[in-house]
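*Asks:* Let me begin by handing over the structure; questions about it come next.
No lab work stands behind these numbers, since they all come straight from the coordinates. Worth saying up front: this structure is predicted, and the values here are computed from it rather than measured. Please note: Cβ atoms are built from the backbone with ideal geometry, for glycine as well, and neighbour counts cover all protein chains shown.
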Amino acid sequence: MKLLIATLLLAIPILAAANDMPDAPFRTPPDERFVVSTSPYFHQPERAIANRLEYLGKSEQTNHFCLVGYRWKGGAETAWLHWKEEESLIPWYGNRDKRIRESSLMDDSDAVKWGRDTFEEGELVEVFRHNLSTRAWKQLAADCERYGKKYVFKPFVRHR
């Protein structure tokens, strides 16, 4: 009997965790989260984030980020970067090639900025690739803050 109770107590958190994935903006909710830095497509995310800051002229201020990865049973992976100071979410698809991976966050047009690129569900809007419903934006940001890896970048200047 004790073994049965212990097994149930261990299984309940696993079952609960499977149901707490964000459902938006995904067509199919992800099956699991993963530590982004452990994937060869997202290796050393600090470099890609720092390159974004430098490219966008934001490296001379303190910046706070959160990074969360999602994986589906078929093997597909994607990551979302939450940039607190800019109130934006950035989808990141990574790359195995180091040069491409480290420059893959340098495009400002990929950001989904709160208020600018968000809409209320049911609104008649032209939905573009980098728009999210406010519900989806809030879900992703909250999920990242709860489960994602946090990064703080102090002001820096790179000398090339």
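*Asks:* What does the net charge come to around GLY148 if you take all other residues with beta carbon closer than 13 Å to its beta carbon, with K and R at +1 and D and E at -1?
*Replies:* On the way: positive: ARG33, LYS84, ARG146, LYS149, LYS150; negative: ASP143, GLU145.
Within the 13 Å Cβ shell, the charges total +3.
*Asks:* Separate question: Averaging over all projection directions, find the projected area of the Cα convex hull of the stretch 24-140 and quote it in nm² with one decimal place.
*Replies:* Values: hull surface 30.0 nm².
So the Cα hull casts an average projection of 7.5 nm².
*Asks:* Next question. Rounded to a whole number, what is D in µm²/s for the stretch 76-124 from Stokes-Einstein with the Kirkwood radius over alpha-carbon pairs (10 °C, 1.306 mPa s)? Please list the in-between numbers first.
*Replies:* On the way: Rh = 12.3 Å.
Answer from the Stokes-Einstein relation: 129 µm²/s.
*Asks:* Given a Förster distance of 35 angstrom, what is the FRET efficiency for GLU60 paired with PHE26, based on the Cβ-Cβ distance and rounded to 0.05? Show your work: numbers first, answer last.
*Replies:* On the way: r = 36 Å, r/R0 = 1.02.
Here the calculated transfer efficiency is 0.50.
*Asks:* How far apart, in nanometres, would the label points at GLU121 and GLU145 be if each is projected 7 angstrom from Cα along the Cα-to-Cβ direction?
*Replies:* 2.0 nm
*Asks:* To make sure I understand the rule: partners must be lysines, Cα under 29 Å from the Cα of LYS154, and not fewer than 8 residues away in the same chain. Which ones qualify?
*Replies:* Excluding near neighbours in sequence, the set is LYS58, LYS84, LYS98, LYS113, LYS138.
*Asks:* Taking 22 Å as R0, compute the FRET efficiency from the Cβ-Cβ separation of SER103 and VAL157 and round it to 0.05. Intermediate values should be presented prior to the final figure.
*Replies:* On the way: r = 19 Å, r/R0 = 0.86.
The value I calculate is 0.70.
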